[in-house]
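See below for the structure under consideration.
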Amino acid sequence: MLLKKGTYTVVLKCLPTRAIHQGRYLNLAISVNDRTPHFAGIDLSREGKEWSASILRGFTDIAIPLKIEKEGVQTIRVHLMDPGLVLSTIDIQ
C-alpha cells in the first residue's frame, strides 16, 4: 500500500465473536514493514451495550495508531493470535 509519511489510524473490523479461553481477550497484533508489532485485544466478554451494538452492525472494531516513517509502499501485517478471531475489513484513516 502506498502511504505518505505521517500518522494514521488503522481500524480493524472483526466479526463479533467471544474468546474461547475464559478471562482472555481476543488478541491481535499489527506491524508495518516488519517492525515490532503493536499488540491489542478485543474484549466482548460481557453482555451489554457494546456486545449488542456489535451484533446489530455485524462487526466490532478496534482503532490502532500507525506511524509511517517514510513515503512509499508499506507492508502491513495483521496477526490474529486467538482462535475464533475473524478479520473482516481494514480501514486506514
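Out of the range 27-62, which residues are charged (D, E, K, R) and over 14 Å from Leu85 (Cα atoms)?
Residues satisfying the conditions are Asp34, Arg35, Arg46, Glu47, Lys49, Glu50, Arg57.
Can you tell me how many residues within the range 46-73 are among the acidic types (Asp, Glu) and under 15 Å from Lys4 (Cα atoms)?
Within the range 46-73, residues that are among the acidic types (Asp, Glu) and under 15 Å from Lys4 (Cα atoms) number 2.
Restricting to the range 30-49, what's the tally of residues that are among the hydrophobic types (A, V, I, L, M, F, W, C) and more than 22 Å from Gly72 (Cα to Cα)?
4
Select from the range 57-74 the residues that are out of contact with any Pro (no Cβ under 8 Å at 6 or more places or on another chain) and of a type in the set (Val, Ile, Thr) and write down the one among them that is nearest to Thr89 (Cα to Cα).
Within the range 57-74, the match that is nearest to Thr89 (Cα to Cα) is Ile62.
No lab work stands behind these numbers, since they all come straight from the coordinates. None of these values were measured; they are calculated from a predicted model. We place every Cβ from the backbone using ideal geometry, glycine too, and count neighbours over all the protein chains shown.
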